[in-house]
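The values are calculated or read from the model by the stated rules, or taken from the named source; none is laboratory data. Since the structure is predicted, the reported quantities are computational estimates derived from the model, not experimental observations. As a convention, Cβ positions derive from the backbone with ideal geometry for all residues, glycine included, and neighbour counts pool all protein chains shown.
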C-alpha cells in the first residue's frame with residue numbers, strides 16, 4: 001500500500017472505505033512509512049505505551065500517597081472501598097473505568113509514571129476505558145494495540161489543526177480530545193466500523209466544547225483528577241450511541257473547526273492561567289494562600 | 001513546522017504531573033547538561049513566571065535538577081532527587097522571579113564547572129516541547145529534536161563555510177542553521193541542526209579550526 005498523506009477525518013474515512021480496511025491499518029502503515037520503520041516496529045513502540053499505562057493502573061491502585069500540594073491523592077482508595085461493599089448502578093465495567101481513571105490520575109499528581117495521552121493532565125481518559133473493558137471482556141493485547149493506534153490517529157489529526165494545550169484552547173483540547181480518542185479506542189475495541197468510530201469522536205467532542213481550563217492553584221489537581229473519571233464515562237456514552245448507528249449531524253471535521261473557533265473565543269482567563277472560574281472561587285483563593293505559607 | 005505523529009500523541013512515558021512543568025523541565029535540564037558538557041560543580045536555577053509560581057507543586061525544581069544530573073523523563077528517582085545520592089556532589093540552589101518579558105515557563109541555568117562558567121536559558125513551550133534560546137548572550141535554538149552542532153567562535157571570514165564543508169563531506173544534511181554575534185569581529189555563535197548523525201571526529205576537528213572557542217555536539221533527546 002502506498003503512503004497517502006491524511007490531514008482530515010474525511011480523508012481518513014475515504015481511504016478506509018476505498019481500501020476496505022479500518023483506521024489503525026491506514027494509520028500504522030502511514031506512521032511506519034514516515035518514520036522509515038517496519039509496521040511491527042511501530043507497533044512495538046505503541047505496545048510500550050500500552051504496557052506503561054497498565055503499570056500506572058497497578059501502582060495507582062496500590063497507593064494513597066497525597067500530591068506535593070497535599071490537596072489530592074486518596075479518592076481512588078475511597079472509591080475502591082465503596083465498591084467493595086456496594087456495586088455500581090452501571091455494573092462492574094463502570095466500576096473499573098472510574099476506579100482506574102482515578103488510579104492513573106492520582107498516580108500522575110504524586111509524580112508516579114504515566115503516559116501523556118495526549119497530555120499528562122488528561123492521562124487517564126484513554127487507558128482507564130481501554131484497560132477496564134479489555135480486562136472485563138478478555139480482549140487480546142493485539143486488539144488493544146489496534147485500539148490505541150486508532151486513538152492516536154484521532155489525536156494526531158485534531159492536533160494538526162488545533163494545539164492540544166489548555167493554555168491555547170482550554171480543557172476541551174486536553175480532556176475533551178482525550179475523551180474523543182477514548183471513544184474511538186473503545187469503538188474500535190468493540191468492532192465498530194471506521195464510520196462509527198468517527199461518529200463516536202464527533203459525539204464525544206461535540207459535547208465538551210467550551211470546557212474551561214481553570215485549575216485551582218495552577219496545579220494539575222482540581223478539577224483535573226476527577227474530570228478524568230467523568231470524561232472516561234463520557235467516552236462510553238459516545239461509543240454506544242455510535243455503535244447503534246446514531247450519527248453526528250455535524251461531521252467530525254466541522255466539530256474540530258468549531259472547537260478551534262471556541263478555543264480562540266474563550267477568554268485567556270479561562271485557559272490555564274488560573275485567573276477565573278474554579279481557580280478564583282473563595283475556597284480556591286483560601287487554598288492558594290495556605291499553599292504559599 | 002513539525003507535524004505531530006501518533007507516537008507524539010500517545011507518549012511520552014513520564015513521571016507526572018505536568019508535561020510542560022515536569023517532563024519539559026527534565027528535558028531542559030538534559031539539554032543544558034549536554035550544552036555544558038563538563039563537570040558541574042555549582043548550579044543556580046532561576047525560574048520565571050509560571051515556572052516560579054506553580055513550579056513547586058509540579059515538581060519543576062526536581063525535574064530541572066534531575067535533567068542536569070542526566071535522568072530521563074520517566075525516571076522514578078525524580079520524585080526524591082533532593083538529598084539523594086545522585087545529587088550529592090553538586091551544589092544547587094533555586095531563585096524565583098517575575099519578568100513578563102520572559103516566556104511564562106522560562107528558566108536560566110547558571111552553571112559553574114572547574115574552569116568553565118555558562119548561563120543557559122530555556123523555555124518549556126507546551127506538551128513537553130522545549131527550546132534552549134540563549135547560551136551566555138547568544139541566541140540559539142536547540143529543541144532536542146535534532147542532533148545539533150553548536151560552535152562559539154571569534155567572528156571572522158570563512159568560519160561558517162569551513163564548518164558547513166566539513167558537514168557536507170560527511171554527507172549529512174543541514175536541517176536548519178542560525179548564527180548570532182555580539183559585533184563585527186567579536187564573539188559569535190553558530191547553531192546547526194542536522195538530519196543525520198555526525199562522526200564525533202568532526203567535532204574534534206572543529207575544535208582546531210582557528211578562532212573557534214567552544215564546540216558542542218548535542219544529540220537529540222529520546223522522545
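Table for the structure above
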read-out: Top-ranked residue in segment B:22-39 [being in contact with a strand residue (DSSP E or B) (Cβ under 7 Å, 6 or more places away or on another chain) and more than 14 Å from chain A (Cβ to nearest Cβ); ranked as farthest from residue B:56 (Cα to Cα)]; value: B:37
read-out: Selection count, segment B:152-182, where residues are touching a residue at least 12 places away in the same chain (Cβ under 8 Å) and more than 24 Å from the chain's Cα centre (by Cα); value: 4
read-out: Residues (surrounded by fewer than 12 Cβ atoms within 10 Å (Cβ to Cβ) and touching a residue at least 24 places away in the same chain (Cβ under 8 Å)) located in segment B:186-209; value: B:186, B:195
read-out: In segment A:240-257, the residues that are under 25 Å from residue A:133 (Cβ atoms) and in a loop (DSSP other than H, G, I, E, B); value: A:244, A:245, A:246, A:247, A:248
read-out: Of the criteria (1) within 30 Å of residue A:118 (Cα to Cα); (2) modelled with pLDDT of 95 or more, which one residue B:220 fails; value: (2)
read-out: Subset of segment A:171-193 that is buried (at least 24 other Cβ atoms within 10 Å of the Cβ) and farther than 13 Å from residue A:205 by Cα - its residue that is nearest to the chain's Cα centre (by Cα); value: A:185
read-out: Pair list, Cβ under 8 Å, 6 or more apart: segment A:217-230 residue more than 7 Å from chain B (Cβ to nearest Cβ) and in contact (Cβ under 8 Å) with a residue 40 or more places away in the chain, other residue assigned to a loop (DSSP other than H, G, I, E, B) and surrounded by fewer than 21 Cβ atoms within 10 Å (Cβ to Cβ); value: A:221/A:71; A:222/A:71
read-out: Filter result for the condition that a residue is in contact with a helix residue (DSSP H, G or I) (Cβ under 6 Å, 6 or more places away or on another chain) and either at pLDDT below 95 or in the same structural domain as residue B:41 (by TED's automatic domain parsing) (or both), over B:140, B:203, B:157, B:130; value: B:130
read-out: So residue B:19, is it more than 19 Å from the chain's Cα centre (by Cα), buried (at least 18 other Cβ atoms within 10 Å of the Cβ), modelled with pLDDT under 95 and farther than 17 Å from residue B:133 by Cα; value: no
read-out: Filter result for the condition that a residue is more than 21 Å from residue B:40 (Cβ to Cβ) and either touching a residue at least 40 places away in the same chain (Cβ under 8 Å) or in a strand (DSSP E or B) (or both), over B:56, B:79; value: B:79
read-out: Which listed residue is within 11 Å of chain B (Cβ to nearest Cβ) and over 30 Å from residue B:74 (Cβ atoms), from A:59, A:5; value: A:5
read-out: Only listed residue being touching a strand residue (DSSP E or B) at 6+ places or on another chain (Cβ under 7 Å) and over 24 Å from residue A:76 (Cβ atoms), chosen from A:200, A:165, A:184; value: A:165
read-out: Residues within segment A:196-216 that are within 29 Å of residue A:142 (Cα to Cα) and away from chain B (no Cβ under 14 Å), tallied; value: 9
read-out: Looking only at segment A:7-31, and only at residues there that are assigned to a loop (DSSP other than H, G, I, E, B) and free of Cβ contacts under 8 Å to residues at least 60 places away in the same chain, the one that is surrounded by the most Cβ atoms within 10 Å (Cβ to Cβ); value: A:21
read-out: Test: residue in segment B:57-71 that is modelled with pLDDT of 95 or more, surrounded by fewer than 23 Cβ atoms within 10 Å (Cβ to Cβ), in contact with a strand residue (DSSP E or B) (Cβ under 9 Å, 6 or more places away or on another chain) and within 14 Å of chain A (Cβ to nearest Cβ); value: yes
read-out: One residue from B:97, B:118 being more than 14 Å from every other protein chain (Cβ to nearest Cβ), touching a strand residue (DSSP E or B) at 6+ places or on another chain (Cβ under 6 Å) and surrounded by fewer than 17 Cβ atoms within 10 Å (Cβ to Cβ); value: B:97
read-out: Subset of segment B:124-141 that is in a loop (DSSP other than H, G, I, E, B) and touching a residue at least 40 places away in the same chain (Cβ under 8 Å) - its residue that is farthest from the other protein chains (Cβ to nearest Cβ); value: B:137
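The rows are residues; the columns are (1) at pLDDT below 95; (2) in a helix (DSSP H, G or I).
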position	(1), (2)
A:202	no, yes
A:217	yes, yes
A:221	no, no
A:238	no, yes
A:262	no, yes
A:278	no, yes
